[in-house]
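The values are calculated or read from the model by the stated rules, or taken from the named source; none is laboratory data. For clarity, every value in this text was computed on a predicted model and none was experimentally measured. As a convention, Cβ positions derive from the backbone with ideal geometry for all residues, glycine included, and neighbour counts pool all protein chains shown.
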Amino acid sequence: MEKTPPACARLAVGSAILNQIDESYAICNRLARRSASNFYFSFLLLPRAKRRAMYALYAFLRHVDDLGDDERVELAARRHALAQWRAKLDRALSGETIDPLLTALADTANCYQIPREHLIAAIDGVEMDLNGTCYETFEQLEEYCDRVAGMVGLACLHIWGFRGPQALEPARHCGLAFQLTNILRDLKEDIARGRVYLPREDLRHFDYSVDDLKRLKLNDQFVELIRFEIGRAEQFYESATNLEPLLERDGRRALRTMMATYRALLNKIKASPAAVLRGRIRLRGWEKLRIVGEALLMPPARPRRATSWETVSP
C-alpha cells in the first residue's frame, strides 16, 4: 500500500499522491455540501486548508452515522460494517491509502495532530446506538454524547488552533450542547426508530413514561420535561461561551456560527416544546445565511494572553 503523507510535507511527494489526496478532499466537500448540514456554512468562514480539513472530518462522521443508521441493513451487518470501518481508519492513520474518504481524513489528522481516540470515539458512540438506547441517568447519556459529539468538539480544536488546556472542557461542553439539541430536535424521528435518549430518571421525575413518549402524548408533564432538558443544554452552551477567546483568530467565527445556529434551533424548541412531537425542527436557508452574516460583521472576541506554560496547537 502507498503511504499518505501529511499535508505539511507535501513538497516531498509525487504529484500522483497529491492528486489522490486532493480528490479525496473534493469528495468530502461534495458530501458535506450535499448533506446541507447546519455546520456547512460555518466551514465557509475558514481559510482553505482548515475548511478542507473540516470537510474531511465531517465526511468521516457522516459516513459513520450512515453505517449505523441504515435500517435497510441487518443489525449484525451494520456492526460488521462499523468494525471494518474502524480497521480501515487504523490503517489509514498509519499511512495506507485505502478509502476515498479516509485519505483526506488521515491527511487532516496527521497535519493537525488530531488524537486517534477522538476519531475512534465517534465509532464507539454509533456502536452504542446499535446496542440499544436506554439511559437510566444523565451521566450515562453524557458518556454517549461525549463519544458522538464531545470528542468531535476536541477534534475541531486541533483544526482551528487553540490556546492552552483550558480550552478542552468548554470545547467538550460545546459538543454536548449540540448533541442535546439534536436529541430534542430529532425526538419524533428517533422514537420511530425505537430510540429514546432522554434519561429514564428525568421521565420519572416529570411523571412521563416511555410509553407516553412512544405514543407522542402531549401534556403538561411533557412540556415541563422538554423545558428541563432545554435548561440543561443551555448550561452547556453557557460553559461553551468561554471557548471563543481561546481559539486562534480564524476559528472564532466558525465556532460563533455553529453556536448561533444550534442555539437558534434550541430557541425554536423553547418557543414551542410541543413542536418536537410533530417533526424535526429546522432552520430555513435564509436563517442560516443571516447567522453567517452576523458572524462576519461581529468583531471577534479578544484572545486571551497565553501564559508561559500554555501552548498553541498546530
task: Give the number of residues within the stretch 209-231 that are crowded, with 16+ Cβ neighbours inside 10 Å and closer than 20 Å to Leu266 by Cβ.
output: 6
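Looking only at the stretch 269-291, count every residue that is assigned to a helix (DSSP H, G or I), within 24 Å of Val210 (Cα to Cα) and without any contact (Cβ under 8 Å) to a residue 40 or more places away in the chain and tell me the total. Quick ask: steps written out before the conclusion?
Within the stretch 269-291, the first condition is being assigned to a helix (DSSP H, G or I), and the residues that meet it are 269-271, 273-277, 285-291.
Filter once more, so that each one left must be within 24 Å of Val210 (Cα to Cα): 269-271, 273-277.
Now drop any that are not without any contact (Cβ under 8 Å) to a residue 40 or more places away in the chain, which leaves 271, 275.
Selection size over the stretch 269-291: 2.
Inspect the stretch 204-217 for any residue being in contact (Cβ under 8 Å) with a residue 60 or more places away in the chain, of a type outside the set (Asp, Glu) and under 20 Å from Gln113 (Cα atoms) and give the result as yes or no.
Checking the stretch 204-217: not a single residue is in contact (Cβ under 8 Å) with a residue 60 or more places away in the chain, of a type outside the set (Asp, Glu) and under 20 Å from Gln113 (Cα atoms).
Can you find even one residue in the stretch 277-292 that is farther than 26 Å from Ser37 by Cβ and either touching a helix residue (DSSP H, G or I) at 6+ places or on another chain (Cβ under 9 Å) or crowded, with 16+ Cβ neighbours inside 10 Å (or both)?
Within the stretch 277-292, the first condition is being farther than 26 Å from Ser37 by Cβ, and the residues that meet it are none.
So far as the stretch 277-292 goes, no, none of its residues is farther than 26 Å from Ser37 by Cβ and either touching a helix residue (DSSP H, G or I) at 6+ places or on another chain (Cβ under 9 Å) or crowded, with 16+ Cβ neighbours inside 10 Å (or both).
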- request: For Arg290, indicate whether it is in contact with a Leu (Cβ under 6 Å, 6 or more places away or on another chain) and among the basic types (Lys, Arg).
  value: no
- line: Residue hits (the stretch 94-106; buried (at least 16 other Cβ atoms within 10 Å of the Cβ) and either at pLDDT 95 or above or of a type in the set (Ser, Thr, Tyr) (or both)) are Thr97, Leu102, Thr103, Ala104, Leu105, Ala106
task: Determine if the stretch 106-119 includes at least one residue that is assigned to a loop (DSSP other than H, G, I, E, B), out of contact with any Leu (no Cβ under 7 Å at 6 or more places or on another chain) and within 21 Å of Phe43 (Cβ to Cβ).
output: yes
task: Mind listing whichever residues of the stretch 187-243 are out of contact with any Ser or Thr (no Cβ under 9 Å at 6 or more places or on another chain) and among the aromatic types (Phe, Trp, Tyr)?
output: Phe206, Tyr208, Phe222, Phe228, Phe236
message: Please verify whether Phe162 is in contact (Cβ under 8 Å) with a residue 24 or more places away in the chain, among the aromatic types (Phe, Trp, Tyr) and surrounded by fewer than 18 Cβ atoms within 10 Å (Cβ to Cβ), treating the condition exactly as stated.
response: no
